[in-house]
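Undergrad: Below is a structure I'd like to ask you about.
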Amino acid sequence: VLSGVQLRKPVLLVEIDEQGRVNLAALARDDGKPSPGLPRFAIGEFSIEEGVIAFADKREPYANRFEQLSLKLSSLSTMAENPGGYALSALTPDGAKLQWQGELSLEPLSLSGKLIVTDIALPPLSPYLSDYLAVPVVSGKAELELPHRFLVKDGRPQFLLENAAATISELALDVTTGAAQGAKTSAPLKLA
């Protein structure tokens with residue numbers, strides 16, 4: 001039992017290799033034996049300040065990072081079923097803001113809350129959007145609001161997303177073809 005744990009300036013690298021494997025998967029137990037479960041512990045308050053999460057996807061030419069990461073968890077315990085609160089905030093170098101808050105229980109594992117990401121620059125996401133758009137994104141921003149619940153029931157993970165919303169603004173697509181080189185269209189688009 002700990003009254004508090006504080007981490008300052010931790011750095012985490014999440015990388016997807018060319019075959020789609022995530023580097024963090026190497027930390028998971030893979031010996032075919034059932035997991036013994038979580039050890040018994042309780043932490044009154046767990047916090048991270050000035051953290052960094054760097055992300056790289058080698059399948060696509062994409063990399064980004066969340067900086068100024070702040071995380072606060074209260075009443076984190078495997079000995080009680082009462083959920084504790086969590087709040088996470090972070091920024092990307094290009095100005096996107098992430099806010100995530102809700103409740104978390106470890107025994108049984110469940111999480112409910114809302115993830116809000118604002119000021120997402122769309123052009124850097126072009127490698128992922130190219131499967132859905134026939135033309136490249138020149139400019140635009142997006143906002144996401146994702147109320148969700150996650151739980152593990154009978155050993156199976158369940159994820160529920162309800163009342164999610166996405167807004168796209170200042171969208172400009174490069175529709176240049178032949179003689180129309182340099183022509184662009186820009187229109188606000190709202191998805192809900």
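Undergrad: Once you put a point 7 Å from the Cα of T78 and another 7 Å from the Cα of L151, both along the Cβ direction, what distance in nm separates them?
TA: A separation of 2.1 nm, rounded to one decimal place.
Undergrad: Ignoring everything but the protein chains, give the 1.4 Å probe accessible area of S89 in square angstrom, nearest 10.
TA: It works out to around 50 Å².
Undergrad: Please report the carbon-and-sulfur percent of the accessible area for the chain; probe 1.4 Å, protein heavy atoms only, DNA, RNA and ligands left out. If you can, show how the numbers build up before the last one.
TA: Values: 7220 of 12740 Å².
That fraction is 57 percent.
Undergrad: Which value, in Å² and to the nearest 10, is the accessible area of E107 when all protein chains are kept and the probe is 1.4 Å?
TA: 70 Å²
Undergrad: For the chain, what is the calculated [θ] at 222 nm in deg cm²/dmol (nearest 500), taking -39500 (n - 2.57) for each run of four or more DSSP H residues and dividing by its residue count?
TA: On the way: 1 runs with 4 residues, N = 192.
Computed mean residue ellipticity for the chain: -500 deg cm²/dmol.
Undergrad: For Q6 and Y132, compute 0.36 nm times the residue count separating them, minus their Cα-Cα distance, and round to one decimal in nm. All intermediate terms of the calculation are to be shown ahead of the outcome.
TA: Working: separation 126, 0.36 × 126 = 45.36 nm, distance 4.23 nm.
Difference between extended and current length: 41.1 nm.
Undergrad: From the cross-link list K58/K114; K9/K72; K72/K97; K9/K141; K114/K153, which pairs have alpha carbons spaced over 24 Å apart?
TA: Numbers: K58/K114 29 Å; K9/K72 14 Å; K72/K97 17 Å; K9/K141 29 Å; K114/K153 21 Å.
In this structure, K58/K114; K9/K141 exceed 24 Å between Cα atoms.
Undergrad: Continuing with the same structure: Taking only Cα atoms and a 10 Å spring cutoff, compute GNM fluctuations for the chain and point out the largest among A96, A121, A28.
TA: Most flexible of the set in this elastic network: A28.
Undergrad: List the longest stretch of the chain that has no exposed loop site; here a site is one of the chymotrypsin sites (Phe, Trp or Tyr not before Pro) assigned by DSSP to anything other than H, G, I, E or B, with at most 14 other Cβ within 10 Å.
TA: On the way: sites that count: F41, Y132.
The reported range is 42-131.
Undergrad: Hey, what did the chain get for relative contact order, percent, Cα under 8 Å, at least 6 apart? Intermediate values should be presented prior to the final figure.
TA: Working: 452 pairs, mean separation 24.6, N = 192.
Computed value for the chain: 13 percent relative contact order.
Undergrad: Also: How about the range 83-178: which GluC sites (Glu not before Pro) there lie in a loop by DSSP and see at most 15 other Cβ atoms within 10 Å? Walk me through the intermediate numbers first.
TA: Numbers: sites: E103, E143, E145, E162, E170; in loops: E162.
Answer in residue order: E162.
Undergrad: Also, I was wondering about something else. Among the trypsin sites (Lys or Arg not before Pro) in the range 1-105, which ones are in a DSSP loop with at most 16 other Cβ atoms within 10 Å of the Cβ? Mind listing them?
TA: Values: sites: R8, R21, R29, R40, K58, R59, R65, K72, K97; in loops: R21, R29, R40, K58, R59.
Taking the range 1-105 and a limit of 16 other Cβ atoms within 10 Å, the loop trypsin sites (Lys or Arg not before Pro) found are R21, R29, R40, K58, R59.
Undergrad: Whose amide H sits under 5 Å from the amide H of V14, counting only residues 5 or more places off or on another chain, with H placed in the peptide plane?
TA: Here A54, F55, A56 satisfy the definition.
Undergrad: How large is the accessible surface of I43 in square angstrom, using a 1.4 angstrom probe and rounding to the nearest 10?
TA: Spelled out: I43, probe radius 1.4 Å, area about 20 Å².
Undergrad: Here is a follow-up. From the phi of every residue in the range 119-131, what ³J(HN,Hα) in whole Hz does the Karplus formula 6.51 cos²θ - 1.76 cosθ + 1.60 yield, where θ is phi - 60° and glycine or proline is x?
TA: These are the phi-based 3J(HN,Hα) values: 6, 7, 6, 7, x, x, 8, 3, x, 8, 7, 4, 6 Hz.
Undergrad: A follow-up question, please. Label-point separation (nm) for Y62 and V14, each offset 7 Å from Cα along Cα-to-Cβ?
TA: Going by the 7 Å Cα→Cβ label model, 1.2 nm.
Undergrad: Given H placed on each backbone N at 1.01 Å, which residues far from S110 in sequence or on other chains put an amide H within less than 5 Å of it?
TA: S105
Undergrad: Another one. Assuming R0 = 35 Å, can you tell me the calculated FRET efficiency for the pair L38 and A172, based on Cβ-Cβ distance, to the nearest 0.05? The partial results should precede the final answer.
TA: Values: r = 48 Å, r/R0 = 1.38.
So, using R0 = 35 Å, E works out to roughly 0.10.
Undergrad: Take the Cα radius of gyration of the chain and divide it by 2.2 N^0.38 Å, with N its residue count; two decimals is plenty. Could you put the intermediate results ahead of the total?
TA: Values: Rg = 20.3 Å, N = 192, 2.2 N^0.38 = 16.2 Å.
Taking the Cα Rg and dividing by 2.2 N^0.38 Å, one obtains 1.25.
The values are calculated or read from the model by the stated rules, or taken from the named source; none is laboratory data. Because the structure is a prediction, the values reported are computed rather than measured. For neighbour counting, all protein chains shown are included, and Cβ atoms are generated from backbone atoms with ideal geometry for every residue, glycine included. For accessibility, only protein heavy atoms count, side chains too; no ligands or nucleic acids. Shrake-Rupley method; radii C 1.70, N 1.55, O 1.52, S 1.80 Å.
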